[in-house]
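Notes to accompany the following structure.
Where a number appears in this text, it was derived from the coordinates with a stated rule and is not lab data. Since the structure is predicted, the reported quantities are computational estimates derived from the model, not experimental observations. Every residue, glycine as well, gets a Cβ built from its backbone with ideal geometry; the counts of neighbours run over all protein chains shown.
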Amino acid sequence: MLKTLDSDGLGQLFDLTGRVVLMAGGAGYLGTPTSEALARHGARVIIADKRPDAANATVELLRSRRLQAETVFVDFGEESSIHDAVEQVRTRHGRLDVAINAAAYSTCKSMEQMTASEWEAGLRVSLTGAFVFAREAGRVMVEQGGGSIIQFGSMYGMVSPDPRVYEPPMFVNPVDYGAAKAGILQLVRYQAVMWGPKKVRVNAIVPGPFPNSAKEMNDSAFQGRLAHKVPMGRVGKSSEIAGAAVFLASDASSYVTGTQIVIDGGWTAW
Ligand SMILES: NC(=O)c1ccc[n+]([C@@H]2O[C@H](COP(=O)([O-])OP(=O)(O)OC[C@H]3O[C@@H](n4cnc5c(N)ncnc54)[C@H](O)[C@@H]3O)[C@@H](O)[C@H]2O)c1
């Protein structure tokens, strides 16, 4: 029998009405527009960040647009803090439908200058934090019968930074960062396989060049070097991550798990 669009739910594929979304690093450059896009599709977004002022500002921005948003504190360097943040969401809302991690940290030292403890500090937030966050969120999702976990990787978890683009000490793309991001891609595959039968989907969003600091944004030579590496000839706009997040959070991706969506203007294609 020919089904109508609505009988298959195809009319509401991207609808997030009633979904509870925990967005770690949600106060950041990519996290803020991503949070807004999710809320615009109907989600209640909980901005989890280490910077309470920035998290509050993001929530105020979303609320000023009549969107549902709130904050919860989290420090990805502390296992108990991640546990507490997830538990707070469960206590407040009784469920957690989507957990997104866009938090990352590095001391940004050059490889020669980075100590083992600085390397470990980066991995602790960017990789161990990602693992603990997904473990805690996944536990709730397994109990409730499903959910979607989305980790922010990086193209530098797939390819190395080109040293001709980065000129230390002004611009360093640190070694611990790429190692953590490569680890995230495998973490995603592992958890997707383990939790597939439990209806918990796990995927990665892999951004390419999205210069996010004033230093990066105001340096036209640096921007030019980045753009030269991109088949599309430009760096990304922060809003260009949001579509993938809405897709992976929603039923539009109901058969997608254990993979990554690369948003890099083609950087890794040549
Ligand atoms: N901007 C880019 O070009 C780019 C490229 C590839 C990947 N990414 C990844 O995308 C994600 C978001 O990047 P962004 O450009 O928005 O960065 P950002 O620095 O603007 O945002 C990161 C957010 O994470 C928060 N954070 C940092 N340490 C934390 C901790 N210990 N606990 C809790 N929160 C913490 C920060 O307060 C900040 O709000 C990151 O995972 C980043 O590695 C970004």
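Using per-residue counts of other Cβ atoms within 10 Å, averaged over each peptide, order 214-222, 144-152 from highest down.
144-152, 214-222
Contact order normalised by length for the chain, with contacts defined as Cα pairs under 8 Å and 6 or more residues apart; what percent is it?
RCO, the chain: 19 percent.
State, as an integer percentage, the relative contact order of segment 1-151 based on alpha-carbon contacts under 8 Å between residues 6 or more apart.
22
Estimate the FRET efficiency between Ala221 and Thr259 by the formula 1/(1 + (r/R0)^6), using the beta-carbon distance for r and 30 Å for R0, to the nearest 0.05.
0.25
Any chance you could tell me what percent of the C-alpha pair distances in segment 95-147 go past 13 Å?
The share of Cα pairs beyond 13 Å in segment 95-147 comes to 62 percent.
Please give the contour-minus-distance gain from Arg95 to Glu78: 0.36 nm per residue of separation, less the Cα-Cα distance, rounded to one decimal in nm.
So the chain would gain 3.9 nm between Arg95 and Glu78.
Please report, largest first and rounded to whole Å, the three semi-axes of the ellipsoid equivalent to the chain, where each semi-axis is the square root of five times an eigenvalue of the C-alpha gyration tensor.
Numbers: eigenvalues 178, 91, 70 Å².
Rounded to whole Å, the semi-axes are 30, 21, 19.
So what's the gap between the Cα centers of segment 32-57 and segment 217-251, to the nearest angstrom?
If we compute the Cα centre of each part, the gap is 20 Å.
At 20 angstrom or more along the helix axis (alpha-carbon based) and mean Kyte-Doolittle of -1.0 or higher, what helices does the chain contain? Whole DSSP H runs only.
Within the chain the helices that satisfy the rule are 129-144, 175-195.
Which shape class applies to segment 4-51: rounded if a/c is under 1.5, otherwise prolate when a/b exceeds b/c and oblate if not, where a ≥ b ≥ c are the square roots of the Cα gyration tensor eigenvalues?
Prolate.
Using 0.36 nm times the number of residues separating Gln186 and Asp162, minus their current alpha carbon distance, what extension gain do you get?
Length difference between fully extended and current span is 6.4 nm.
Could you work out the helix-only [θ] at 222 nm for the chain, with each DSSP H run of four or more residues adding -39,500 (n - 2.57) and the total divided by the number of residues, to the nearest 500 deg cm²/dmol? Intermediate results must be reported in sequence, preceding the final value.
Working: 9 runs with 104 residues, N = 270.
Only helices count here, giving -12000 deg cm²/dmol.
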